[in-house]
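Heads up: the structure comes next, in structure tokens.
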Amino acid sequence: MTSTVRRAAAFALVGGLSLVVPWVRRLEEPAFATLTAVLPFLLVAAVALTVGSGTRLFELFARPGDRQDGKLYGLAGFALSAAGLAILAVEFGMPVTVYVGTVFLLAVGNFGGHLVARYRQGALLTTSGFVVAGFLAAAASQLAAARLADLPASWPMVLFLAASGALLAALLREALFRRDDPLVMVSVAMLLWLFAALPLSVTPTRIVVALGVTAVLGGLSYALQTASLPGMLTGVLLSLLTIVLGDYGWFAMLVAFFGVGGLSTKYGYEVKQQRGIAEENEGARGTGNVLANSLVALVAVLAAAASPWLSTSPRLFLFAFAGSLAAALADTLSSEVGGLYDNPRLVTSFEVVEPGTDGAVTWQGELAGLAGALLIAAIGFVGFAELGVPGAAVVAAAGVAGMTVDSLLGATLEGWLLGNQGVNLLATLAAAVVGAGLAVAVGLTAL
């Protein structure tokens with residue numbers, strides 16, 4: 001067993017201390033319960049900060065940075081973050097299943113990733129090892145925590161939380177907080193706490209379909225190189241949340257954007273390279289690009305799931321969701337198709353400019369963008385009988401409005417105040433507002 005695998009296994013054993021929390025939650029004395037919950041991790045942190053370098057214990061837990069500092073800061077940070085979350089679980093209502101599942105997810109997920117890396121090289125395989133091991137550990141530990149705390153457990157919800165947490169943790173580690181397990185642990189725990197609190201009814205069929213479909217689509221997007229590894233993880237996570245929190249119709253619109261938008265990036269790629277307007281990484285979209293185009297849609301589906309709390313019709317957020325995706329696809333097709341044609345004109349002055357100029361449009365690109373908005377509207381029409389023709393028209397109009405806002409922002413603010421991803425985010429937000437506003441104005445939904 002290599003040193004990295006041994007270290008990961010040792011961290012996994014430390015994570016097992018989290019199982020104290022569901023047991024102490026049953027104690028009648030709150031102060032004693034809190035102390036008992038955090039004390040094991042505080043002791044681990046104290047040992048980590050005092051053990052001498054060169055000792056067998058130091059060599060077991062030391063990461064490369066720890067060897068330079070002569071202190072087990074990685075172990076101390078892991079233990080202190082687990083202790084802090086334990087306080088939230090005992091004192092402030094974080095579900096013990098979420099707490100234990102998150103700690104096990106990170107600890108065992110790391111072990112799985114290092115174990116795979118020992119035998120097979122490659123970022124995709126290592127990340128897959130982390131996700132699979134973390135998912136299985138999070139699911140099993142949630143069930144164990146529920147049993148220790150004498151709480152009911154719904155296995156579809158357990159699987160949903162485990163899958164969401166594993167994908168989010170892998171994404172954060174890959175794209176944002178590499179090697180920063182404490183920050184990843186806290187971030188995952190907070191999001192899963194939110195999901196656990198939502199008034200959800202996760203059915204066995206829905207979660208099985210969600211896990212199967214998103215895994216297949218994630219593999220296809222990576223194999224076809226329409227997304228980088230972080231971009232693929234982002235898309236898979238968004239797809240999982242959309243199926244579970246929304247419905248299959250919501251997911252159909254999302255996957256249409258990912259699929260058609262990704263393929264349009266590949267269309268005429270060599271010509272775009274010659275013109276200097278091709279996407280980087282051979283058109284494989286990363287996390288920033290995916291989130292810039294679909295973050296508004298994610299917020300909309302979360303808001304729809306929370307609509308009973310908000311005393312708002314979930315249909316309002318359906319129009320916001322569909323409008324934002326219609327704009328995202330319209331803008332993507334407008335840029336990717338329009339960039340292949342000569343003599344684009346600046347949207348603000350109609351002056352002929354060079355291809356690739358921010359805010360420049362062609363009539364071919366505008367038609368392609370309109371087709372993208374109509375595609376999302378058509379999927380909404382088929383997937384949601386209550387939308388009808390008026391609802392589909394609202395979605396298409398919102399998509400065109402968002403595409404236009406993107407061009408206007410590109411011509412005026414992009415390059416000195418906003419980046420491309422900021423423009424995309426604001427354009428999809430504008431489309432969501434237009435879609436929801438028009439739906440209310442014509443009486444298709446209520447606030």
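With the convex hull of the Cα atoms taken as the outline of the stretch 115-249, the averaged projected area works out to 8.9 nm². Rounded to the nearest 10 degrees, the inclination of helix 30-50 to the longest alpha-carbon principal axis of the chain is 90 degrees. Residues within the reach of a label modelled at LEU39 (point 7 angstrom out along Cα to beta-carbon, backbone nitrogen below 19 Å), restricted to the stretch 82-121, are 82-91.
Only sites in a loop by DSSP and with at most 15 other Cβ atoms within 10 Å count here; which GluC sites (Glu not before Pro) in the stretch 348-435 make the cut? Counting only loop positions with at most 15 other Cβ atoms within 10 Å, the GluC sites (Glu not before Pro) in the stretch 348-435 are GLU351, GLU386. Taking the C-alpha atoms only, the angle from helix 388-412 to the longest principal axis of the chain is near 90 degrees.
Model label points for LEU367 and LEU49, set 7 angstrom from Cα along the Cα-to-Cβ axis, are 6.8 nm apart. For the chain, a Gaussian network of Cα nodes joined below 10 Å ranks LEU245, LEU426, LEU254 by mean-square fluctuation, and the top entry is LEU426.
Note on ARG118 and ARG67: the model spin-label points, each 7 Å out from Cα along the C-beta direction, lie 1.8 nm apart. Our coupling estimate for the stretch 362-378, obtained by passing each phi through the Karplus curve with A = 6.51, B = -1.76, C = 1.60 and θ = phi - 60°, is 10, 5, 5, x, 5, 5, 5, x, 4, 5, x, 5, 5, 5, 4, 5, 5 Hz, Gly and Pro reported as x. Relative to the dominant Cα principal axis of the chain, helix 229-241 is inclined by about 90°. Close amide H contacts of ALA227 (hydrogens built in the peptide plane, cut-off under 5 Å, sequence separation of 5 or more or a different chain): ARG285.
Based on the Cα gyration tensor of the stretch 317-447, what are the three equivalent ellipsoid semi-axes, each the root of five times an eigenvalue, rounded to whole Å and given largest first? Before the final figure, lay out each step's value.
Values: eigenvalues 151, 46, 21 Å².
Here the semi-axes work out to 27, 15, 10 Å.
Once the mean of 1/r is taken over each pair of separate Cα atoms and inverted, the stretch 325-367 shows a Kirkwood hydrodynamic radius of 10.1 Å.
Translational diffusion coefficient of the stretch 8-128 (Stokes-Einstein, Kirkwood radius from Cα pairs, 10 °C, 1.306 mPa s): 104 µm²/s.
If we sort 4-11, 160-167, 92-99, 287-294 on the protection proxy, mean other Cβ atoms within 10 Å, highest first, what's the order?
Going by the mean number of other Cβ atoms within 10 Å, highest first, we get 160-167, 287-294, 92-99, 4-11.
Coupling constants for the stretch 8-19 follow from the phi torsions by the Karplus curve (6.51 cos²θ - 1.76 cosθ + 1.60, θ = phi - 60°), and in residue order they are 5, 5, 5, 4, 4, 5, 5, x, x, 5, 5, 5 Hz; glycine and proline get x.
Given a 1.4 angstrom probe, I'd like the percentage of the accessible area of the chain that is carbon and sulfur, rounded to a whole number. Don't skip to the answer; put the middle values down first.
Values: 12610 of 19300 Å².
The C+S portion of the solvent-accessible surface of the chain is 65 percent.
Among (1) -0.41, -1.01; (2) -0.32, -1.00; (3) -0.51, -1.08, only one was calculated for this model; which label is it, if the read-out is log10 I(q)/I(0) by the Debye sum over Cα atoms at q = 0.07, 0.12 Å⁻¹? So the structure-derived entry is (1).
For the stretch 329-352 versus the stretch 171-246, the inter-centroid distance based on Cα atoms is 33 Å.
The values are calculated or read from the model by the stated rules, or taken from the named source; none is laboratory data. This one's a predicted model, so the numbers in the text were calculated from it and none came from an experiment. Reconstructed Cβ throughout: ideal geometry from the backbone, glycine too, with neighbour counts over all protein chains shown. Accessible surface is based on the protein model in full, side chains and every heavy atom, while ligands, DNA and RNA are left aside. Shrake-Rupley method; radii C 1.70, N 1.55, O 1.52, S 1.80 Å.
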